[in-house]
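One structure is given here, and the rest of the page talks about it.
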Amino acid sequence: MSELLPFDSSQANRLTEPARPRIVATPDAHAAAGEMGDLKEILAVMRRRRWLVIAAAALGATVAGYFAYVAKPVFLASASVRIADARRALSGGIGDAPRDVLGSGNGVDPVLSQVQVLKSREVAANAVRRQPLGLTVYPDGFPASDMRDVRAADSSTSGSAYAVEFDAQGYTLRSNLHEIRARYGEPVSTGGVSFAIVSRPPHRSGTIGVLNSASAVGMLLSGVDARPRKSTDVVDVTYRANDPFVAQQVANAIVAAYKEVNASIAQQQSRRRREFIQEQLKQTDSSFADATVSLSNFRSHEQVYGSDARVAAEATGLMTLDVTREELASDKRTLQSLLDNLQRTGGATHSEKLDALLASPSITSNQVVEALFAQLVQLRTRRDTLTVGNWGAARSNPDVIKLDTLIQTTQGELVSAVRSNIDAVNARLSSLDDLRGRNAAQLQKLPSVQAVEARLLQRVETARKMADQLREEYQRARISEAVEVGQVEIVDLANEPDAPIGRGTLFRVLSGLLLGLLFGGGGAVLLDRLNSTIRRRDEIETTLHIPGLSIIPHMAPARKLTAFGRHLRLPGSKQRRDRSGGDSLVTVSDFGSVSAEAFRTLRTNLLFSQSIQTLRTIVITSPSPQDGKTTTAANLAVTFAQQGMRVLLIDCDLRKARMHNIFSVPREPGFSQLLAHQSTVADVVRETAVENLFVIPAGLLPANPSELLGSVVARETIESLAKEYAIVIIDTPPVHVAADALILGSMANGVLMVLRAGRSERDAAKEALQRLLNVGAHVIGAVLNDPDHKVPDYGSYYYYYDYHDTKVEA
C-alpha cells in the first residue's frame, strides 16, 4: 500500500480502468442471478435470526421425538378377495340374476363399487359380530392373543373399562362396581361381555375396554382400507391395529363378513325375483283357465268344433297380435302397479320398492335404468361411509346434505325412466291396437260363429304360451335362489404381521428437525418482512431515493493498536469506547480493519462526487438518537485528514455533546462561547493528535441552542471557518430531536444522513429527509451503520506510519 498523500484530483484519471467489451446478460442469466440473490437474502435473514431458527428446529425435533416415544406401534394385516360370478357357474348359467351385483351401468367401475360396499356399515357390523376382540372388547397393556372365547352382547356398556392384574395363579378383574378373581383359561362374564385369559402375559397389569356395537363399527371403519389391484378383479383388504393379533383377526373377519353379506344380498334378489314371477304365473294360469272354459262352453252351445282354413289363418294372425299385446299390457300393469305403490305411504321401504321394481324383466333390460340404479347404490354407499362411526358427519353436514340431494335426484330420475318405459309400452299398445283393428275387420266378414270361435282359440293359445314362459322363468329363479354363494371369493387370508409399519424414531426426529428448520426459517423471513426498519443499502435508494454512500460494518475492538495508532493515542486519557463496545476512532485504533476501510470508502465517494468543488461544509445528522452519527463524523474527519486535507470538526450538538470525549480535549471554551462572542476562534479550535485535524468542541451547553445556531452570527462564523479549512464537518443533533440539524443543514453545502440498520424506521427516515429538503438542505447521501454486516477481514498486513511519516510494514 502506498504512502498516503494529499488528494490530487488528477489521480482520478489513473483510477479509471480501460474500457471493456460490454457483456449483455440474457434473461435466463438475469433470472438465475435473481434466484441466487433471493437465496442469499433468505440465508442472511436466517443468520440474523439464527436463534429463532435454532429454537424452532430444536422444538420440532423434541416434539417429534416425544411423539415417536409415546406413540403406540401400528400393525397392518392384509387379506385378498376376488370379485367373480360364482353363482352363475354353480347354477350352470341358468337364469341370469335379477340384477348383477357387480353392476353394469355405463361409466361405473364394478370393482370400485364393490370396494365401497366392502367398506359399508353393514359389512362392518357383521365383522364386529364375528370378531369382538379388538373392536367391542379391546385389551391394552398386554397382548390380545392371550384372550380367547371373546363374546359381547349388544347391551354391553360402552365406555366401561376394567383393570386387570396378573399373578402366578390367575388374574383379578376390577371395575368401579365389583371385583372378579379367575384362573388362567377360566371364562369370565361381566357387563355384557365374556372372555378368558389363557396364560399369564409378560406384563403385570393392563386394562380391558368395552365399546357398544355402534362405536365398534366406527372403530373398524376408521382402520379398514380396500384397494383393487390394477387390471384385475382382486381387492386387497387391510386393517390397522395396535396389536398384531387383532389386526390379523379383524382383517379375516372383514373378508368373511363381506363374503357373507354379498351372498345374502344375491339370495335376497333371487328370492324377490322368484316371488314376482310366481305372482305373475298365478295370474296367467287363471287367465288360461278362464279362456279354456269360455272356448269349451262356446263349442258346446254352438255345436262348433272346427273352422275352415281362412278362419284359422285370420285367427292365427289375431292370436299373434293378442299375445304380443298381452305381454305389453302385463308389463304395463306391473310397472303401473309398482309406481302406484311407490307413491303410497306404508308398506316396504323406498329402497325395497326400488329393488322390487328393478326385478321386473321388462326393466332389467333397460340400460338407462341399470345405470341409474348403479349410481344410486354408489351414492347410498358414500353416504353410509360419511355418516358412520364416532366421527361420522351429522345430517346437517354440507357433504351429507349434498349426497341426500343427489340420492333424491337419482331416485326421481329412476322413476322418470320407468315412466318413460311405460309411455313407450303405451305407444306400442296403440300401434298393436290399430293393427288388430284392421285384422278384426277382416275377420268380421267371416261367419259370426267362426269369428267367435277364432277369438276364443286366440285367448286360449295366448294364455298357454305366457304360462309356459313364466313356468320356465320360475324354475330358473328357484335354482338361482338355491345357490348359497355370492360373487366374492376369498383368495388369501391375513397373516399376523411381524413388525409395525411406519418410520423409525430417528426418521421422525430428523423429519421434526427439518420441519422445525422450515418453520423457523419461514418465521425468520416473515419477521424480517414485517420489520419496518431500513436494513440494507439498497433500501436506502428505494425508500429515500438518495445514494447509499457506504456501509459501516461492526466495529470490533482492535486486536492490537497499530504503530500509527500508538503515536496518535490521544493524550490525557485512555482510549475511549463508544456505546457499541468498539473503539470510536476505529480509523486510528484499527487502521487496517474493514470498518476503517468503510470510512475511507465513504471519503472516496465524497471526494469523487461531482460537487467536490463546492462541498466545503458537511452536516452529519440522523433521524433518531443512537444511529452512530457522532462516531461517523469523527471517523470521516480523520479519513479526510489522513488524505492530507486540512479538516475542521465542529461539535454542534449543543444538547448532548460527545466530540470532546472522543478526542480527549476540553469541552470549554467551545462553539457556544464563540457564537456568544465570549471566546475567539483561536480559543475554541483544538489541535488533535491526528495531523491536519482540528476540533471545535460544543462548549457550555446553552438554554436556547436552536436560537443560537440559527443566528446570523452562526452563519457568518461557519462561512468564515469554511474559508480557512479544506472541509468543515459539523456534528448535529438528530432531526427528530431538535431543529438544529435543519438550521445547520440549510447553511451547509451538503448533508450526510446516518442510519442504523435494523433500527432506523423507514417512515422516520423519510420524514427526516423531507424536513431537510423543506428547508433547502442538499442531502448528498446516506451512511448505513450495520453491526450485523460481517465483512471478511483481509487485513493480513497492517500498515503503520511512525510519527515522522515513516512507512512501517508488519
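A search for C-beta distances below 9 Å between a residue of region 131-145 that is closer than 13 Å to Gln249 by Cα and among the aromatic types (Phe, Trp, Tyr) and any residue that is in a loop (DSSP other than H, G, I, E, B) and open to solvent by 10 Å² or more (accessible area, probe 1.4 Å), counting only pairs 6+ apart in sequence or on different chains, returns Tyr138/Leu211; Tyr138/Asn242; Tyr138/Asp243.
Look at Leu708 and say whether it is at pLDDT below 90, touching a Phe, Trp or Tyr at 6+ places or on another chain (Cβ under 8 Å), over 27 Å from Thr601 (Cβ atoms) and among the aliphatic types (A, V, I, L, M). No; evaluated as a whole, the condition is false for this residue.
Within region 742-778, the only residue that satisfies the criterion of being open to solvent by 50 Å² or more (accessible area, probe 1.4 Å), of a type in the set (A, V, I, L, M, F, W, C) and either within 21 Å of Ala633 (Cα to Cα) or not in a loop (DSSP other than H, G, I, E, B) (or both) is Leu773.
The set of residues from region 103-130 being at pLDDT below 85 and farther than 16 Å from Arg227 by Cβ comprises Gly103, Ser104, Gly105, Asn106, Gly107, Val108.
Scanning for something of a type in the set (A, V, I, L, M), touching a helix residue (DSSP H, G or I) at 6+ places or on another chain (Cβ under 8 Å), buried (at least 16 other Cβ atoms within 10 Å of the Cβ) and within 22 Å of Ala393 (Cα to Cα), does region 200-216 turn up at least one residue? Yes, that holds for at least one residue.
Condition test on Ala226, is it over 39 Å from the mean Cα position of the chain (by Cα) and buried (at least 20 other Cβ atoms within 10 Å of the Cβ)? When the stated conditions are applied, Ala226 does not pass them. Would you confirm, using the coordinates I've provided, whether Thr349 is under 17 Å from Gln269 (Cβ atoms), modelled with pLDDT under 80 and in contact with an Asp or Glu (Cβ under 8 Å, 6 or more places away or on another chain)? Answer is no for this residue. Of the helices (runs of 4 or more DSSP H) lying entirely inside region 651-719, those carrying at least 1 residues that are touching a residue at least 60 places away in the same chain (Cβ under 8 Å) are 659-662. You will find that of Asp355, Asp384, the residue that is among the acidic types (Asp, Glu) and at pLDDT below 75 is Asp355 and no other.
With respect to being closer than 28 Å to Leu769 by Cα and either modelled with pLDDT under 70 or not basic (Lys, Arg) (or both), Pro557 falls outside the description. Only helices (runs of 4 or more DSSP H) whose full extent lies in region 561-638 are considered here, and none of them has at least 3 residues that are at pLDDT below 80 and touching a Gly at 6+ places or on another chain (Cβ under 9 Å). In this structure, Val425 does not qualify as within 30 Å of Pro143 (Cβ to Cβ) and either at pLDDT below 80 or in a helix (DSSP H, G or I) (or both). Residue pairs whose Cβ atoms lie under 8 Å apart, sitting 6 or more positions apart in sequence or on different chains, and linking a residue in region 209-228 that is in a helix (DSSP H, G or I) to a partner that is open to solvent by 20 Å² or more (accessible area, probe 1.4 Å) and among the β-branched types (Val, Ile, Thr), are Leu221/Thr385. Of Leu615, Leu636, all but one fail to be closer than 21 Å to Ala757 by Cβ, in contact with a Leu (Cβ under 9 Å, 6 or more places away or on another chain) and among the hydrophobic types (A, V, I, L, M, F, W, C); the exception is Leu636. Would you check if Val250 is assigned to a strand (DSSP E or B), of a type outside the set (Lys, Arg) and touching a residue at least 24 places away in the same chain (Cβ under 8 Å)? Spelling it out, it is not the case that Val250 is assigned to a strand (DSSP E or B), of a type outside the set (Lys, Arg) and touching a residue at least 24 places away in the same chain (Cβ under 8 Å).
Among the residues making up region 262-288, a single one is surrounded by 21 or more Cβ atoms within 10 Å (Cβ to Cβ), of a type in the set (A, V, I, L, M) and out of contact with any Leu (no Cβ under 7 Å at 6 or more places or on another chain): Ala266.
Could you tell me whether region 253-276 includes any residue that is of a type in the set (A, V, I, L, M), under 29 Å from Ala499 (Cα atoms) and under 35 Å from the mean Cα position of the chain (by Cα)? Among the residues of region 253-276, at least one is of a type in the set (A, V, I, L, M), under 29 Å from Ala499 (Cα atoms) and under 35 Å from the mean Cα position of the chain (by Cα), which makes the answer yes. For the criterion of being hydroxyl-bearing (Ser, Thr, Tyr), open to solvent by 30 Å² or more (accessible area, probe 1.4 Å), farther than 24 Å from Arg333 by Cα and at pLDDT 80 or above, Thr409 passes. Pairing residues of region 402-422 that are over 10 Å from Leu372 (Cα atoms) with residues that are open to solvent by less than 40 Å² (accessible area, probe 1.4 Å) and among the basic types (Lys, Arg), at Cβ distances under 8 Å and at least 6 apart in sequence or on separate chains, gives no pairs at all. Among the residues of region 446-460, are any modelled with pLDDT of 75 or more and among the hydroxyl-bearing types (Ser, Thr, Tyr)? Within region 446-460 (the criterion being modelled with pLDDT of 75 or more and among the hydroxyl-bearing types (Ser, Thr, Tyr)), the answer is no, since none of the residues qualifies.
Checking Asp233, Asp243 one by one, the residue that is acidic (Asp, Glu), modelled with pLDDT of 85 or more and surrounded by fewer than 19 Cβ atoms within 10 Å (Cβ to Cβ) is Asp233 and no other. Listed by first and then second residue, the pairs linking a residue in region 55-82 that is at pLDDT 80 or above to a residue that is of a type in the set (Phe, Trp, Tyr), with Cβ atoms under 6 Å apart and 6 or more places separating them unless they lie on different chains, are Ala56/Phe519; Ala77/Tyr239. Among the residues of region 482-511, the ones that are at pLDDT 75 or above, among the hydrophobic types (A, V, I, L, M, F, W, C) and either touching an Asp or Glu at 6+ places or on another chain (Cβ under 6 Å) or open to solvent by 50 Å² or more (accessible area, probe 1.4 Å) (or both) come to 8 in all. Annotation note: of Thr630, Thr601, the sole residue that is of a type in the set (Ser, Thr, Tyr) and crowded, with 23+ Cβ neighbours inside 10 Å is Thr630.
The values are calculated or read from the model by the stated rules, or taken from the named source; none is laboratory data. Only a predicted model underlies this, so the values are computations on that prediction, with no experimental measurement involved. In this analysis, Cβ positions are derived from the backbone assuming ideal geometry, glycine residues included, and neighbour counts consider all displayed protein chains. The area values use the complete protein model at the heavy-atom level, side chains included, leaving out ligands, DNA and RNA. Shrake-Rupley method; radii C 1.70, N 1.55, O 1.52, S 1.80 Å.
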